[in-house]
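See structure below.
The values are calculated or read from the model by the stated rules, or taken from the named source; none is laboratory data. Because the structure is predicted, anything quoted here is derived from the model rather than measured. Every residue, glycine among them, receives a Cβ derived from its backbone with ideal geometry; neighbour counts consider all protein chains shown.
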Amino acid sequence: MSVPVALAMILAGGASPELSVLTEVRSEAALPFGGKYRIIDFPLSNCVNSDIYNVAVLTQYQPRSLNEHIGIGRPWDLDRAHGGVHLLQPYLSRPGETGAWQEGTADAVRFHLDFVQEQSEDLVLILAGDHIYKMDYRPLLRYHVEQRADVTIAVRSVNPYEAHRFGMVTADPDGRVTQFEEKPRRTRSTLASMGIYVFPRDLLVHWLTGPGQTHRDFGREVIPAMLEAGKRLYAYTFLGYWVDVGTVQAYWEAHMALLAETPALELHDPEWVVHTKSEERPPVLLGPDAHVETSLLSDGCRIEGTVIRSVISPGVHVAAGATVKDSILLTDADVRAGAVVDRCIVDKHVLIGEGAHVGSGDENTPNRDMPHVLNTGLTLVGKGAEIPPESVLGRNCVVRPHVKARTWSDRMIPSGTTVPA
């Protein structure tokens, strides 16, 4: 059977409060991952590696860095006269309209149904723009056609304790969906929706525009309504690596998993390249006293101190006598001499002053402003912030973006504190 042709629509417009300051200045899809990549690189690369070359990226929240990263799509071979990548933003549809804010995944697609109807593909592949995985979509599309499905949902097994984070699917032995629960508190199902759906184009348009069709979200409303209406919904089980990095803890754990002896996500696979917009940076430079253990180092890094079990993005500088441990340092972070960074996520262009200690001590008081997000000892430093020399920050602290060293009134910051408060 030949591979069905599909239009891909990547939903990349949501805000992500559980990523705290990491998404204060960008959308989650634009968040750096794995050193040189951004999260959006994974669904984009999956598309082109699956021979899908007509791709729409639906943006909304903080879209500038995402738009700049994707550009005309050249790194993914999507700079094409026919098809290619399309960056779609919400818009006012008539004079005098006062707002145009998408209110859910289905509502985001509804905004752009004129674009969908102009395309030649009979199938629409809807993807989340905030997940890390490598997946060939061609078997999924073939399965959808073979089952004569109205909708096919990609699913994978998850730990029952994580069910409250996902749409949970129950299917019969033939794969037909019999129940769908959006983020249930308790469930017997272990199959979680990956936020990947295949729709026939005309059926999708009907369900988003037909009489009384005001559903705003696929998981909460569209899928349950279609199931109740007796439509043929099928579950396609994906067995590969997949992770939703929508929380600080999940984001950190996914990075640490890259450092395993045999990582579940193989970034060095020549058969399935993850493409990205690469900067012209020099090779990694290790100083004469540098010490590096079990870490990923990206182009342009200068390591003169110690780096242990950490992921280091392009252009990061770790000075002599400095130590970085169990941490993620994003592009162009600068760790000055004698500083210690322990169990931290440090955003772009951060300066950590000489002798500062970020992530200090054993006190694990949850962050007072967001205790449900920061309670495992991770400390976050927002983009462009400056940590004063000789300052000490405890666990579960947050430094807001662009805080300057001269504005710090206290250089001893206890665990659970946000700076500025």
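Summary table below
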| read-out | value |
| --- | --- |
| Residue list for region 196-221, filter: closer than 24 Å to Trp242 by Cα and of a type in the set (Gly, Ala, Ser) | Gly219 |
| Matching residues, region 384-400, being more than 13 Å from Leu19 (Cα to Cα), in a loop (DSSP other than H, G, I, E, B) and in contact with a helix residue (DSSP H, G or I) (Cβ under 9 Å, 6 or more places away or on another chain) | Ala385, Pro388, Pro389, Ser391 |
| Residue match in region 333-353 (condition: touching a strand residue (DSSP E or B) at 6+ places or on another chain (Cβ under 8 Å) and more than 22 Å from Ser295 (Cα to Cα)) | yes |
| Sole exception among (1) modelled with pLDDT of 95 or more; (2) surrounded by fewer than 22 Cβ atoms within 10 Å (Cβ to Cβ); (3) β-branched (Val, Ile, Thr) for Thr407, by number | (1) |
| Test result for Leu239, within 20 Å of the chain's Cα centre (by Cα) and either in a loop (DSSP other than H, G, I, E, B) or under 29 Å from Leu7 (Cβ atoms) (or both) | yes |
| Identity of the residue in region 318-344, part of a loop (DSSP other than H, G, I, E, B) and among the polar types (S, T, N, Q), that ends up surrounded by the fewest Cβ atoms within 10 Å (Cβ to Cβ) | Thr331 |
| Test: residue in region 54-63 that is surrounded by 23 or more Cβ atoms within 10 Å (Cβ to Cβ) and of a type in the set (S, T, N, Q) | yes |
| Lone qualifier among Ser50, Ser2, Ser16, Ser45 - being free of Cβ contacts under 8 Å to residues at least 60 places away in the same chain and surrounded by fewer than 23 Cβ atoms within 10 Å (Cβ to Cβ) | Ser2 |
| Evaluation of Val292 against (1) surrounded by fewer than 18 Cβ atoms within 10 Å (Cβ to Cβ); (2) hydrophobic (A, V, I, L, M, F, W, C); (3) without any contact (Cβ under 8 Å) to a residue 24 or more places away in the chain; (4) not in a helix (DSSP H, G or I) (one fails), failing number | (1) |
| Region 124-155: number of residues that are modelled with pLDDT of 95 or more, more than 21 Å from Arg201 (Cα to Cα) and charged (D, E, K, R) | 1 |
| Every pair of residues 6+ apart whose Cβ atoms lie under 6 Å, when the first sits in region 356-369 and is at pLDDT below 95 while the second is among the acidic types (Asp, Glu) | none |
| Test: residue in region 20-40 that is assigned to a loop (DSSP other than H, G, I, E, B), acidic (Asp, Glu) and either without any contact (Cβ under 8 Å) to a residue 40 or more places away in the chain or within 25 Å of Thr418 (Cβ to Cβ) (or both) | yes |
| Cross-chain or 6+ apart pairs with Cβ under 6 Å, region 244-265 first and assigned by TED's automatic domain parsing to the domain that holds Asn159 and farther than 16 Å from Arg343 by Cα, then assigned to a helix (DSSP H, G or I) and at pLDDT 95 or above | Val245/Tyr251; Val245/Ala254 |
| Members of region 352-383 found to be buried (at least 22 other Cβ atoms within 10 Å of the Cβ) and in a strand (DSSP E or B), listed by number | Ile352, Val358, Thr379, Leu380, Val381 |
| Selection count, region 157-183, where residues are in a loop (DSSP other than H, G, I, E, B), surrounded by 15 or more Cβ atoms within 10 Å (Cβ to Cβ) and either more than 22 Å from the chain's Cα centre (by Cα) or not assigned by TED's automatic domain parsing to the domain that holds Glu228 (or both) | 1 |
| Residue list for region 297-326, filter: more than 21 Å from Leu378 (Cα to Cα), of a type in the set (Val, Ile, Thr) and under 23 Å from the mean Cα position of the chain (by Cα) | none |
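Okay, residues lined up against (1) more than 24 Å from Pro139 (Cβ to Cβ); (2) assigned to a loop (DSSP other than H, G, I, E, B); (3) modelled with pLDDT under 95:
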| site | (1), (2), (3) |
| --- | --- |
| Pro224 | yes, no, yes |
| Tyr234 | no, no, no |
| Ala254 | yes, no, no |
| Glu266 | no, yes, yes |
| Val273 | no, yes, no |
| Asp299 | yes, yes, no |
